[in-house]
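Before any comments, here is the structure.
The values are calculated or read from the model by the stated rules, or taken from the named source; none is laboratory data. Note that this is a predicted model, so its numbers are computed, not measured. Positions of Cβ are backbone-derived with ideal geometry, glycine not excepted, and every protein chain shown enters the neighbour counts.
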Amino acid sequence: MPVVTLPRPLKGIVPPMVTPLHGRDELDHYGLSRLVEHLLTGGVSGLFILGTTGEGPSLSYRLRYELIEKTCELVAGRVPVLVGITDTSLVEAIELAKFSRDAGAAAVVAAPPYYFPAEQPPILTFLSCLADESSLPLFLYNMPSCVKATLAFETVEVLARHANVVGLKDSSGDMSYFRRALTLREARPDWTILMGPEQLMAESVLLGSDGGVTGGANLHPRLFVDLYEAASRRDQPTIDRLQSEVVALARIYNVGGSGMAPYLCGLKCALELADICSGQLAEPFTAFGLIERSEVEMLLDSIGIVSVATPVQTTH
């Protein structure tokens, strides 16, 4: 398995890849092949699997291990693969990190443990232990809307002193927090700081971030790569034009309501309509019905997306 050296910092668009499914506990292997090639052809700088958009916590451990192995095999060292290992169990997170290393991944990503309410001291202890024992470099993941715990700036500041903690993905949407996080570069110029919410990615790059972990890049990677590059060179007219396209694309996330379920349902429905991969979701969510599917199809048609997949030679 080719070994990829993790750039320090890692710059560009690192999509939180969806997990193509055929059944409750079955990967859509053909769709996974198409999706990986579609993303790499689109110019992304890495892939982040088993995150929120990848429905990581909803998947069986068996399927998570299979996805890691197959994704690393398909990527074949062309870009770094980052693996989400967020878990309530420190032991399971460490084991997943070990497997990821052996499969050829470049780094792991972890948010605070969920379920039991935890103050910052135990969160710091958990993540410090994970950084100590992880076989791969660790990215911190601030995702308070899902884990119900904010990764406080003071906690991140302490963890930034750990040699095996190499960056932060912030999905809080709090720009004041994000600006404070950028100040950590003074002590860790090698740190990667990535924006989660895609509508804030260009703004974050103008402030000094390294790029974004943008869910919409699953569907249209070149749009987000071009926007990142425009922001990097401070090309405001191009930023404005591409940002309007990002806003238009985001309408698929609000079909049938708002929140995490419509986001995942809309994105996976769009990927199926674009002939990239299956639109099936992991429980508790279910795929859109005919009415919502027709609405997503109309939205895709309005922004010029019919089939954007790159054909690959593989077998079902």
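Tabulated results
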{"read-out": "Residues of the stretch 243-264 that turn out to be over 20 Å from residue 203 (Cβ atoms), over 19 Å from the mean Cα position of the chain (by Cα) and of a type in the set (A, V, I, L, M, F, W, C), as a count", "value": "1"}
{"read-out": "Residue in the stretch 202-222 that is among the hydroxyl-bearing types (Ser, Thr, Tyr), modelled with pLDDT of 95 or more and not in a loop (DSSP other than H, G, I, E, B) present", "value": "yes"}
{"read-out": "Lone unmet requirement of (1) closer than 27 Å to residue 277 by Cβ; (2) assigned to a helix (DSSP H, G or I) for residue 194", "value": "(2)"}
{"read-out": "Of residues in the stretch 193-231 being touching a residue at least 40 places away in the same chain (Cβ under 8 Å) and surrounded by fewer than 19 Cβ atoms within 10 Å (Cβ to Cβ), the one farthest from residue 266 (Cα to Cα)", "value": "222"}
{"read-out": "Scope the stretch 86-137; condition in contact (Cβ under 8 Å) with a residue 60 or more places away in the chain, out of contact with any Gly (no Cβ under 6 Å at 6 or more places or on another chain) and assigned to a strand (DSSP E or B); matching residues", "value": "107"}
{"read-out": "Any hit, the stretch 67-76, residues being of a type in the set (S, T, N, Q), modelled with pLDDT of 95 or more and not in a helix (DSSP H, G or I)", "value": "no"}
{"read-out": "Cβ pairs under 6 Å, 6+ apart, first in the stretch 25-40 and within 12 Å of residue 67 (Cα to Cα), second at pLDDT 95 or above and part of a strand (DSSP E or B)", "value": "28/21"}
{"read-out": "Only listed residue being outside any helix (DSSP H, G or I), surrounded by fewer than 20 Cβ atoms within 10 Å (Cβ to Cβ) and touching a residue at least 12 places away in the same chain (Cβ under 8 Å), chosen from 43, 54", "value": "43"}
{"read-out": "Criterion violated by residue 48 - all others in (1) in a strand (DSSP E or B); (2) aromatic (Phe, Trp, Tyr); (3) modelled with pLDDT under 95 satisfied", "value": "(3)"}
{"read-out": "Residue that is modelled with the highest pLDDT, among those in the stretch 258-289 that are among the hydroxyl-bearing types (Ser, Thr, Tyr) and farther than 19 Å from residue 39 by Cβ", "value": "286"}
{"read-out": "Filtered residues of the stretch 138-148 (kept if crowded, with 21+ Cβ neighbours inside 10 Å and part of a loop (DSSP other than H, G, I, E, B))", "value": "143"}
{"read-out": "Neighbours by Cβ (under 7 Å, 6+ apart or cross-chain): first from the stretch 286-297, within 13 Å of residue 272 (Cβ to Cβ); second aromatic (Phe, Trp, Tyr)", "value": "296/288"}
{"read-out": "Residue count, the stretch 174-201 (criterion: at pLDDT below 95 and within 17 Å of the chain's Cα centre (by Cα))", "value": "0"}
{"read-out": "Residue check, residue 287 surrounded by fewer than 21 Cβ atoms within 10 Å (Cβ to Cβ), among the aliphatic types (A, V, I, L, M), over 20 Å from the mean Cα position of the chain (by Cα) and in a loop (DSSP other than H, G, I, E, B)", "value": "yes"}
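Yes/no matrix, rows are residues, columns are (1) buried (at least 17 other Cβ atoms within 10 Å of the Cβ); (2) hydroxyl-bearing (Ser, Thr, Tyr); (3) closer than 16 Å to residue 54 by Cβ:
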| residue | (1), (2), (3) |
| --- | --- |
| 249 | yes, no, no |
| 255 | yes, no, no |
| 259 | no, no, no |
| 265 | yes, no, yes |
| 271 | yes, no, yes |
| 275 | no, no, no |
| 278 | yes, yes, yes |
| 292 | yes, no, no |
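For every residue, the table says whether it meets (1) in contact with a strand residue (DSSP E or B) (Cβ under 8 Å, 6 or more places away or on another chain); (2) closer than 22 Å to residue 39 by Cα.
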site: 206; (1), (2): no, no
site: 221; (1), (2): yes, yes
site: 228; (1), (2): yes, yes
site: 233; (1), (2): no, no
site: 248; (1), (2): no, yes
site: 256; (1), (2): no, no
